[in-house]
Amino acid sequence: MNITLKIWRQKNRDDKGKFVTYKLGDVSAEMTFLEMLDYLNEKLIREGADPVAFDSDCREGICGMCGLYINGRPNGPRKGVTTCQLSMSAFKDGDTITVEPWRAKAFPVIKDLVVDRTSFDKIIQAGGYISVNTGAAPEANAIPVKKENAERAFDAGICIGCGSCVAACTNASAMLFVSAKVSQLALLPQGRVEAKERVRAMVQAMDELGFGNCSNTGACEVECPKEISLSHIARLNREYFTAGIT
Amino acid sequence: MSNIFTSSVGKKFIMSLAGLFLIIFLVLHLSINITLILFKTPETFNKAATFMGNNPVIKIMEVVLFGGILLHMIYGAVLQIQNLLARPVRYKKSNYSQTSFFSKYMLHTAIIITIFLVIHLLDFWIKNKFLGEVHDITYADGKTYHDLGALVIERFQIGWVVIVYVVLLLGLGFHLHHSFQSAFQTLGLNHKTYTPVIKALGVIYSIVVAGGFISIPVVIYFLK
Ligand code: HEM
Ligand code: FES
């Protein structure tokens with residue numbers, strides 16, 4: 001098929017940036033979205049032009065490196081997929097596809113479609129861990145965990161930190177990400193020990209890094225490639241208030 | 001350390017409590033006002049309004065109410081400004097995510113409600129409290145009441161006033177449509193079985209409250 005791409009091009013952090021239109025023929029519906037961009041880049045390199053910079057690593061939906069804002073939605077039109085898992089079969093011949101980087105104050109553009117997501121690392125550093133002494137791994141079944149909680153913790157733990165929630169949110173809020181990390185640990189006995197300090201520190205880091213506030217619109221939940229639920233945000237809120245009261 | 005008054009989560013907590021208080025207030029307000037169209041004369045309405053105007057508990061609640069609205073508005077404004085600053089460069093093509101329609105327009109409906117509040121307070125509250133434009137009326141119990149009902153009925157004889165009220169009150173309904181369930185989520189109350197119930201209640205609440213308030217000027221215009 002033939003497609004028209006409108007891609008955000010920006011030389012570096014300080015460049016103003018602009019959209020550049022590319023016409024691309026011979027695109028197969030079996031390509032992934034990133035393979036289509038590779039194909040475009042090969043063409044650009046052959047023509048001696050600067051290829052489009054974009055992030056990717058695993059290309060199988062587990063690392064969270066990729067992530068593009070495609071036709072007004074993070075990761076394009078399909079539900080529950082990362083950008084690397086998006087197939088070109090989601091588009092048809094003659095389509096115009098607008099490709100933008102994640103837009104948020106806390107995610108500055110480095111080049112073209114690549115953004116700096118160090119903010120997420122900083123939030124994790126603020127409290128998204130448990131403090132245990134290293135040594136021999138303890139017996140896994142020594143601490144009983146309610147099955148329901150183990151499952152919920154797992155549902156939160158599958159967050160890959162791609163930033164789709166921030167990209168989708170009208171307020172560029174990181175609440176779904178932070179709540180997934182808080183929930184994952186709050187639901188397990190090992191995480192309870194530092195639960196209070198964790199939630200307060202992570203919320204504080206999130207605010208200081210310039211993410212927006214949660215308006216409960218639910219766009220994050222809809223666009224999350226791992227379909228993480230808003231109920232984790234409610235749990236974060238509960239954790240935060242009880243940490244304040246007790 | 002960030003706290004309940006300064007953090008993002010804390011600010012929303014305060015906002016949702018103030019909002020829930022306003023949600024309860026609206027029920028009370030509507031149940032008094034609706035007597036204007038349920039009964040032939042404004043007697044019940046005037047008696048209730050006078051009671052509300054003199055009762056010391058209600059007088060304290062009036063201060064709480066204005067405080068609550070102010071708090072809600074100030075925090076709403078602060079949050080909105082922070083939200084806009086969180087995305088300095090906007091998307092060219094955006095908002096294609098499938099989310100609840102009204103949640104995208106909270107700022108717009110908030111501005112509509114603010115305009116409504118100004119008009120509404122100028123129309124009735126100021127006239128009643130400060131301008132003394134309300135006449136007294138004596139009922140069968142021998143007591144004298146402010147005839148606020150007459151003022152309301154007179155005001156809603158004017159077609160454009162009725163239209164302005166209906167349009168602005170629709171804005172209130174839209175605000176309530178998202179906000180009712182949103183407040184529960186903000187307070188951390190999300191549950192597999194109860195959240196769908198809360199969402200349904202929110203829809204019913206917003207339709208009943210907005211519809212109820214809208215019916216008052218409309219019925220008065222056509223029937224009184
Ligand atoms: C009687 C009238 C009002 C009621 C019953 C009401 C109720 C509520 C409730 C319950 C929420 C949800 C809070 C949450 O998400 O936790 C909300 C949100 C909001 N309200 Fe109101 N409100 C009223 C008037 C106003 C006014 C006058 C403003 C003007 C500034 C306003 C601005 C907002 C904004 C901006 C939000 C969204 C906040 C966010 O989620 O980021 N509201 N309202
Ligand atoms: S490249 Fe790893 S999730 Fe897409």
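The values are calculated or read from the model by the stated rules, or taken from the named source; none is laboratory data. Because the structure is predicted, anything quoted here is derived from the model rather than measured. Backbone-built Cβ (ideal geometry, glycine too); neighbour counts: all protein chains shown.
Looking at region A:23-34, can you tell me whether even one residue there is in a helix (DSSP H, G or I) and over 15 Å from the mean Cα position of the chain (by Cα)? Spell out how you get there, then give the answer.
Keep residues of region A:23-34 that are in a helix (DSSP H, G or I), which gives A:33-34.
Filter once more, so that each one left must be over 15 Å from the mean Cα position of the chain (by Cα): A:33-34.
Yes; the residues of region A:23-34 include at least one that is in a helix (DSSP H, G or I) and over 15 Å from the mean Cα position of the chain (by Cα).
If you scan region A:130-167, which residues turn out to be closer than 16 Å to residue A:232 by Cα, of a type in the set (A, V, I, L, M, F, W, C) and in a helix (DSSP H, G or I)?
The answer is A:150, A:153, A:154, A:156, A:165, A:166.
Residues are listed down the side, and each one gets a yes or a no for (1) more than 11 Å from chain B (Cβ to nearest Cβ); (2) within 16 Å of the chain's Cα centre (by Cα); (3) surrounded by fewer than 24 Cβ atoms within 10 Å (Cβ to Cβ):
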residue	(1), (2), (3)
A:189	yes, no, yes
A:199	no, no, no
A:208	no, no, yes
A:218	no, yes, yes
A:227	yes, yes, yes
A:231	no, no, yes
A:239	no, no, no
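Confirm whether residue B:183 is free of Cβ contacts under 8 Å to residues at least 12 places away in the same chain and within 26 Å of residue B:107 (Cβ to Cβ). Quick ask: steps written out before the conclusion?
On the way: free of Cβ contacts under 8 Å to residues at least 12 places away in the same chain: no; within 26 Å of residue B:107 (Cβ to Cβ): yes.
The answer is no for residue B:183.
Just checking, which of B:51, B:101 is more than 26 Å from residue B:166 (Cβ to Cβ) and either modelled with pLDDT under 95 or within 16 Å of ligand 1 (Cβ to nearest atom) (or both)? First the steps, then the outcome.
Details: B:101 fails: more than 26 Å from residue B:166 (Cβ to Cβ).
It is B:51.
Consider residue B:45 carefully, then state whether it is surrounded by 14 or more Cβ atoms within 10 Å (Cβ to Cβ), in contact with a Leu (Cβ under 6 Å, 6 or more places away or on another chain) and not polar (S, T, N, Q). Outline the logic, then answer.
On the way: surrounded by 14 or more Cβ atoms within 10 Å (Cβ to Cβ): yes; in contact with a Leu (Cβ under 6 Å, 6 or more places away or on another chain): yes; not polar (S, T, N, Q): yes.
For residue B:45, the condition - surrounded by 14 or more Cβ atoms within 10 Å (Cβ to Cβ), in contact with a Leu (Cβ under 6 Å, 6 or more places away or on another chain) and not polar (S, T, N, Q) - is met.
Listed here are the residues, each with its yes/no results for (1) within 16 Å of ligand 2 (Cβ to nearest atom); (2) under 20 Å from residue A:112 (Cα atoms).
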position	(1), (2)
A:12	no, yes
A:15	no, yes
A:27	no, no
A:48	no, yes
A:63	yes, no
A:91	no, no
A:96	no, yes
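Being within 14 Å of chain A (Cβ to nearest Cβ) and more than 27 Å from residue A:101 (Cβ to Cβ): is that true of residue B:102 here? Walk me through it before giving the result.
Working: within 14 Å of chain A (Cβ to nearest Cβ): yes; more than 27 Å from residue A:101 (Cβ to Cβ): yes.
Considered against the rule, which asks whether it is within 14 Å of chain A (Cβ to nearest Cβ) and more than 27 Å from residue A:101 (Cβ to Cβ), residue B:102 comes out as yes.
Taking residue B:180, is it crowded, with 18+ Cβ neighbours inside 10 Å, near ligand 1 (Cβ under 10 Å from one of its atoms), at pLDDT 95 or above and not acidic (Asp, Glu)?
Details: crowded, with 18+ Cβ neighbours inside 10 Å: yes; near ligand 1 (Cβ under 10 Å from one of its atoms): yes; at pLDDT 95 or above: yes; not acidic (Asp, Glu): yes.
Considered against the rule, which asks whether it is crowded, with 18+ Cβ neighbours inside 10 Å, near ligand 1 (Cβ under 10 Å from one of its atoms), at pLDDT 95 or above and not acidic (Asp, Glu), residue B:180 comes out as yes.
Go through region A:63-85 residue by residue and tally those that are touching a Pro at 6+ places or on another chain (Cβ under 8 Å) and either over 14 Å from residue A:224 (Cα atoms) or aliphatic (A, V, I, L, M) (or both).
Number of matching residues: 4.
Of the residues that sit in region B:183-195 and are in a helix (DSSP H, G or I) and not polar (S, T, N, Q), which one is modelled with the lowest pLDDT? Full working, then the answer.
Here is the first cut: in region B:183-195, the residues in a helix (DSSP H, G or I) are B:183-186, B:194-195.
If we keep only those that are not polar (S, T, N, Q) as well, we get B:183-184, B:194.
Details: B:183: 97, B:184: 97, B:194: 93.
Checked region B:183-195; the qualifying residue modelled with the lowest pLDDT is B:194.
Quick check on region A:71-87: of everything there that is surrounded by 22 or more Cβ atoms within 10 Å (Cβ to Cβ) and touching a residue at least 60 places away in the same chain (Cβ under 8 Å), which residue is farthest from the chain's Cα centre (by Cα)?
First pass over region A:71-87, keeping only residues surrounded by 22 or more Cβ atoms within 10 Å (Cβ to Cβ): A:73-76, A:82-84, A:86.
Still in the list and also touching a residue at least 60 places away in the same chain (Cβ under 8 Å): A:73-75, A:82.
Numbers: A:73: 12, A:74: 9, A:75: 10, A:82: 9 Å.
Restricting to residues being surrounded by 22 or more Cβ atoms within 10 Å (Cβ to Cβ) and touching a residue at least 60 places away in the same chain (Cβ under 8 Å), the top hit is A:73.
Limited to region A:140-187, what total is found for residues that are away from chain B (no Cβ under 13 Å) and more than 26 Å from residue A:55 (Cα to Cα)?
15
When you go through B:32, B:74, B:4, B:24 one by one, which is the residue that is within 16 Å of ligand 1 (Cβ to nearest atom), more than 10 Å from chain A (Cβ to nearest Cβ) and under 30 Å from residue A:107 (Cα atoms)? Walk me through how you get there before you give the answer.
On the way: B:32 fails: under 30 Å from residue A:107 (Cα atoms); B:4 fails: more than 10 Å from chain A (Cβ to nearest Cβ); B:24 fails: under 30 Å from residue A:107 (Cα atoms).
B:74 is the lone residue from the list that is within 16 Å of ligand 1 (Cβ to nearest atom), more than 10 Å from chain A (Cβ to nearest Cβ) and under 30 Å from residue A:107 (Cα atoms).
Considering only region A:135-174, how many residues are over 17 Å from residue A:231 (Cβ atoms) and exposed (fewer than 12 other Cβ atoms within 10 Å of the Cβ)?
Residues in region A:135-174 being over 17 Å from residue A:231 (Cβ atoms) and exposed (fewer than 12 other Cβ atoms within 10 Å of the Cβ): 11 in total.
Yes or no, residue by residue, for (1) within 16 Å of ligand 1 (Cβ to nearest atom); (2) touching a residue at least 40 places away in the same chain (Cβ under 8 Å); (3) more than 14 Å from chain A (Cβ to nearest Cβ); (4) farther than 19 Å from residue B:29 by Cα:
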site	(1), (2), (3), (4)
B:126	no, no, yes, no
B:132	no, no, yes, yes
B:139	no, yes, yes, yes
B:146	no, yes, yes, no
